[in-house]
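Below is one structure, written out as structure tokens, with a few remarks after it.
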Number of protein chains: 2
Amino acid sequence: MRDEDYSSTHPPLPPTTEDDRVAWLRLLRSRRVGPTTFWKLMADHGTAQRSLEALPEVARAAGVEGYSPCPEGVVLAEMKAARMAGARMICRGDGAYPRALAALPDAPPLLWAIGSAEVLSKPMVAVVGARNASSLGLRMARSLAGDLGAAGYVVVSGLARGIDAAAHGAALEGGTVAVLAGGVDVVYPAENARLSDEIVAKDGLRLSEQPMRIQPVARHFPVRNRIISGMASGVVVVEAAAKSGSLITARNALDQGREVMAVPGHPLDGRAGGCNILIRDGAKLVRSAEDIIEQLPPPPEPPGQGAVPLEVPPEPPKDRRTLQQAAALHQQILDRLGPSPVSEDQLIRDLGAAAKAVSPALTDLELEGRVQRQPGGMLALVPR
Amino acid sequence: MRDEDYSSTHPPLPPTTEDDRVAWLRLLRSRRVGPTTFWKLMADHGTAQRSLEALPEVARAAGVEGYSPCPEGVVLAEMKAARMAGARMICRGDGAYPRALAALPDAPPLLWAIGSAEVLSKPMVAVVGARNASSLGLRMARSLAGDLGAAGYVVVSGLARGIDAAAHGAALEGGTVAVLAGGVDVVYPAENARLSDEIVAKDGLRLSEQPMRIQPVARHFPVRNRIISGMASGVVVVEAAAKSGSLITARNALDQGREVMAVPGHPLDGRAGGCNILIRDGAKLVRSAEDIIEQLPPPPEPPGQGAVPLEVPPEPPKDRRTLQQAAALHQQILDRLGPSPVSEDQLIRDLGAAAKAVSPALTDLELEGRVQRQPGGMLALVPR
């Protein structure tokens, strides 16, 4: 089965040959190609190979001269590193790829996985929260995750210290999924190395969309968080301050159509501030695992074994900008931004562009790790 | 202006003469006449005097022979005790009577008041909660009540120890209203005697619908609580366990169409259980006085001075049982109940009556203090 068998009028199948996999990985690892762009290119050009061939022209249209896609040697090295780490590539469209995640417009084209991919067919709940959690918060995370595991749910989290680690630890028996911000073979933080081993030993899974061996940096975390919430049918925030990453994760989860839930705390306890804001804004209040399960949709049908045809990528909105227009706007935004934070309003004024067009472009750039949204919503360029 | 000037086709005016007041008080203090029955009689017979004349026949129809209304001497003694205590009678329809309270179908026909009735024309918020509050809960109550007072709201509460006392204490400057379960001249609990004096000294008010000198007993509290929530446009529960009186107050407040709000707490802190249930069921989450004020309807127009015509009592539902039928059902319920608690389901089975008919009758009897609903919803007769 070769790339040439497909055109833009047919939905692409996941790669089935080594050549296909190399092309997918090359396209994904090419500069300026994030997941959203990956799927746009696939929709426009039908296959990864053809998208790679079209890329230099697409870049030129966006004002980038002399663009060349990611060299084959780079991805062959990544694939070798994966084999050495015992990591398996799971592509969107593969039977093992989490169904809920596949439905996102910015679904990762592929994930590296270490462990038992079987857990991915079970119903999943994300349990996330503060790194500097209180002992009350840790107790709550353990209690919720343990009860969710006992009820047949797989707990998904980010292997961070605090709430994440407590949730994974209590859900080991049922198999738990840790989505890493850096490479799947890079355990971070180091203090969770043993937990990380136990997750794999106990039929759980570690996942990442990042290249092997990549050390996680700040811009990886929000991108990673969309996978945590994207895999799960619901996201439970256990303890989070008012201006915290968990809050951004929860808001993104809402955008993804996920059920967002939060554990309340006393208003005079700052560590509950974010959770209380979420509840105030409509998140369901969680007192126990029963409260969580009650909110979740019925578990989906287990997916069949082996490759299933890729569904057509979600329809872009009717007024969707073309890739060239989007690339041009992206470049304008990147030109305006620097390491010093600027407000979104200011940026929109500077660009003289419609807020309606700038906001999704900013989201793309945030997801691609080019732009960072700082506390208070200020925007800054991520140094490359 | 005499009772004879009115018939059932005209809404009754509040009493303006001493004779009127004596008749109102006699009717209200007559056996088996609670507020709901009072207004039904007034609607059927036009005046308190005519209602008093009709009462023996109404009782006979309900199977009670030899019924006689409250003797005049009893109410004259009550009025004398009120004068000695410096208490003023505020009747429904008087300019000073709280407007929101007047709209309830079981609005108290009259209230005894000690202090400055002017506060009753300001927008009011009820702040209630546990007697055995935590120090965090007390801090929260003080902070909310102080900020509400500073924002021009009058804080209404029940002068109980714990949250109530903390709320009154922090809201003294703006004038605060304490609604007592027993007589307005009976300060309970004794430890709040000084606070009670300060409330009156600082242009606040103590209120009660009960006869003067009556010591509060268990059955008085739920009846009193409907006044606290009925006067206010919103009810804030600061700290309350899962099975607490504050929860019943909040549910009744919802039935009254009041905005119900609650301060969350950690699920592992039992004292937050009731508040978390309320929020889970749709009460607004409160972190600060701003959260409360945001939920409240705009303050009503200040009422005019002096007597205003009583509005027609709220229309009874179309399928409303007649007074005689209701009295008969009330008697059947009272006959079935004893001091040992019985479940509502059991009672309905025993009566062979429709749950639809029994539930409102039980509410009437609870409000009249004949039946007590115990933790878990079990029902028992209140010894007389």
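Residues in segment A:217-229 carry Karplus couplings, in order, of 10, 3, 5, 6, 5, x, 5, 4, 4, 5, 6, 4, 6 Hz; the curve used is 6.51 cos²θ - 1.76 cosθ + 1.60 with θ = phi - 60°, and Gly or Pro positions show x.
The residues of segment B:269-290 listed by number as losing at least 20 Å² of accessible area in the complex, against the isolated chain and with a 1.4 Å probe, are B:Asn276, B:Ile277, B:Ile279, B:Arg280, B:Leu285, B:Arg287. Using a 1.4 Å probe on the protein chains only, how many percent of the accessible area of segment A:1-160 belongs to carbon and sulfur? Taking all protein chains in place, segment A:1-160 shows 51 percent carbon and sulfur surface.
In nm, what is the difference between 0.36 nm times the number of residues separating A:Arg139 and A:Arg29 and their Cα-Cα distance? Let's see the in-between values first.
Values: separation 110, 0.36 × 110 = 39.60 nm, distance 4.04 nm.
Answer, rounded to one decimal: 35.6 nm.
Sorted largest first, the principal axis extents computed over the alpha-carbon atoms of segment B:3-155 equal 56, 34, 31 Å.
3J(HN,Hα) along segment A:13-27, derived from phi through the Karplus expression 6.51 cos²θ - 1.76 cosθ + 1.60 where θ = phi - 60°, amounts to 8, x, x, 10, 10, 4, 4, 4, 4, 4, 5, 4, 5, 4, 4 Hz, with x in place of Gly and Pro.
Can you put A:Leu110, B:Leu254 in order of accessible area, largest first, using a 1.4 Å probe? Please list the in-between numbers first.
Details: A:Leu110 0, B:Leu254 100 Å².
These residues rank, largest area first, as B:Leu254, A:Leu110.
Each copy carries a label point for A:Asp19 at 7 Å from Cα toward Cβ; from one copy, the others' points are 11.1 nm away, ordered from shortest. Using a 1.4 Å probe over protein heavy atoms, the accessible area lost on pairing B with A, summed over both chains, comes to approximately 1800 Å².
Once the convex hull of all Cα atoms in segment B:169-216 is built, its volume per residue stands at 63 Å³.
Placing +1 on the Cβ of every Lys and Arg and -1 on the Cβ of every Asp and Glu, with no other charges, gives chain A a dipole of roughly 860 debye about its Cα centre. Were the residues from B:Ala380 through B:Arg161 laid out at 0.36 nm apart, the gain over their Cα-Cα distance would be 76.2 nm.
Per residue, how large is the accessible surface of segment A:121-244? Use a 1.4 angstrom probe and give square angstrom. Before the final figure, lay out each step's value.
Working: 4120 Å² over 124 residues.
Here the residues of segment A:121-244 average 33 Å² of exposed surface.
Residues of segment B:224-265 whose accessible area (probe 1.4 Å, heavy atoms of protein chains only) drops by at least 30 Å² once all protein chains are present, relative to their chain alone: B:Pro264. Each Cα pair under 8 Å and six or more residues apart adds its separation to the average, and for chain A the resulting relative contact order is 16 percent. Residues whose amide H lies under 5 Å from that of A:Val260, counting only those 5 or more places away or on a different chain, are A:Val235, A:Lys284; hydrogens are built 1.01 Å from N in the peptide plane. Modelled label positions at B:Arg131 and B:Val64, each set 7 Å beyond Cα in the direction of Cβ, lie 3.0 nm from each other. Taking a ≥ b ≥ c as the square roots of the eigenvalues of the alpha carbon gyration tensor, segment A:123-198 is oblate, as a/c is not under 1.5 and a/b does not beat b/c.
Count charges around B:Glu294 for me, please; just the other residues with Cβ under 13 Å from its Cβ, Lys/Arg as +1, Asp/Glu as -1. Can you show the working numbers first?
Numbers: positive: A:Arg280, B:Lys284, B:Arg287; negative: A:Asp281, B:Asp147, B:Glu259, B:Glu290, B:Asp291.
Cβ neighbours under 13 Å give a net charge of -2.
Using R0 = 35 Å, the C-beta based FRET efficiency linking A:Ala193 and A:Arg251 works out to 0.65.
For the rotational copy relationship between A and B, the axis lies nearest to a chain A beta carbon, identified with its distance in whole angstrom as A:Pro264, 2. Give, ordered by residue number, each residue of segment A:98-144 whose 1.4 Å probe accessible area is reduced by a minimum of 10 Å² on adding the remaining protein chains to the chain alone. For segment A:98-144, once contacts with the other chains are taken into account, A:Leu136, A:Arg139, A:Met140 lose 10 Å² or more. Counting from the shortest, the label point at B:Ala151, 7 Å from Cα toward Cβ, is 3.5 nm from the same position in each remaining copy. Coordinate range of the alpha-carbon atoms in chain A per principal axis, descending: 56, 50, 37 Å.
Between the C-alpha center of segment A:191-250 and that of segment B:55-124 there is a gap of 64 Å.
Kindly flag which residue pairs out of A:Lys40/A:Lys243; B:Lys122/B:Lys243; B:Lys243/B:Lys284; A:Lys243/A:Lys284 have an alpha-carbon separation exceeding 25 Å in this structure. Check vs 25 Å cut-off fails for A:Lys40/A:Lys243; B:Lys122/B:Lys243.
The values are calculated or read from the model by the stated rules, or taken from the named source; none is laboratory data. As the structure is a computational prediction, the values presented were derived from the model and not from experiment. For neighbour counting, all protein chains shown are included, and Cβ atoms are generated from backbone atoms with ideal geometry for every residue, glycine included. SASA here: full protein model, heavy atoms, side chains in, ligands and nucleic acids out. Shrake-Rupley method; radii C 1.70, N 1.55, O 1.52, S 1.80 Å.
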